[in-house]
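A short write-up of the structure that comes next.
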Amino acid sequence: TIKNPKSFKIKLLTPNKDGVFGTCVGLAPKENFQISGGSNYKSCGWYLHSQDGNLFSQDGDWNRQYLETGGLQTGQIIEVIYEKEKEKISYKIDGKDCGVAFENINKNKLDLFAAFDHTEKNESFQLI
């Protein structure tokens, strides 16, 4: 596990039986992260929700619009970019810069790690 990664990428592989991706991808501290939780996206870390392209975070972001294109599809690549010194997280989708998603994060200066949470069952992605 790499702490405070400058960036990492995932590729969406298989949606659930309804053709939906519910993967939330972002960064979170190890402290308070629930491995078997399923609700970290709203209580521990900062996330992009692949189903609708909206943002969620421990700082109160709840379904905040981010991606103009909406939900993501099979084969798309999500890149998470962390600017630790500037306390910012941004995303790229298929190499296209989507802009700053979160600012003034991590006020407690905890180490952050790549984090994933699922709101849907039986879907898959690949860390690339």
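Which label belongs to the value computed from this structure, given these candidates for log10 I(q)/I(0) by the Debye sum over Cα atoms at q = 0.11, 0.22 Å⁻¹: (i) -0.52, -1.21; (ii) -0.32, -1.43; (iii) -0.81, -1.16?
(ii)
What part of the accessible area of the stretch 37-79, given as a whole %, is carbon or sulfur when the probe is 1.4 angstrom?
Exposed carbon and sulfur together represent 39 percent of the surface.
Could you pull out the longest piece of the chain with no exposed loop GluC sites (Glu not before Pro) in it, calling a site exposed if DSSP puts it outside H, G, I, E, B and it has at most 13 other Cβ atoms within 10 Å?
86-128
For every other residue with a beta carbon closer than 9 angstrom to the beta carbon of SER57, add +1 if it is Lys or Arg and -1 if Asp or Glu, then tell me the sum.
0
Solvent-accessible area per residue for the chain at a 1.4 Å probe radius, Å²?
Ligands and nucleic acids excluded, the result is 56 Å² per residue.
I need the trypsin sites (Lys or Arg not before Pro) found in the stretch 1-81, filtered to DSSP loop residues with at most 14 other beta carbons within 10 Å of theirs.
Sites meeting the loop and neighbour criteria: LYS3, LYS6, LYS17, LYS30.
May I ask you to list the aspartates and glutamates whose Cα is less than 18 Å away from that of LYS86, ignoring any residue fewer than eight positions away on the same chain?
LYS86 reaches ASP59, ASP97, GLU103, ASP111.
Hey, if you put +1 on the Cβ of every Lys and Arg and -1 on every Asp and Glu Cβ in the chain, which of GLN34, PHE102, TRP46 ends up farthest toward the positive end of that dipole?
GLN34
Specify whether the C-alpha gyration tensor of the stretch 18-92 places it in the rounded, prolate or oblate class, a ≥ b ≥ c being the square roots of the eigenvalues: rounded for a/c under 1.5, otherwise prolate if a/b is larger than b/c and oblate if not.
Oblate, because a/c is 1.5 or more while a/b does not exceed b/c.
Counting Lys and Arg as +1 and Asp and Glu as -1, each charge on the Cβ, what is the dipole of the chain about the Cα centre in debye, to the nearest 20?
Using Cβ point charges on Lys, Arg, Asp and Glu, the chain gives about 300 debye.
Counting helices only, and only those DSSP H runs with n ≥ 4, report the 222 nm mean residue ellipticity of the chain as the sum of -39,500 (n - 2.57) divided by its residues, in deg cm²/dmol to the nearest 500.
-500 deg cm²/dmol
The values are calculated or read from the model by the stated rules, or taken from the named source; none is laboratory data. Note that the coordinates shown come from a computational prediction; the quantities given were computed from them, not determined experimentally. In this analysis, Cβ positions are derived from the backbone assuming ideal geometry, glycine residues included, and neighbour counts consider all displayed protein chains. Note: areas computed on protein heavy atoms with side chains; ligands, DNA, RNA excluded. Shrake-Rupley method; radii C 1.70, N 1.55, O 1.52, S 1.80 Å.
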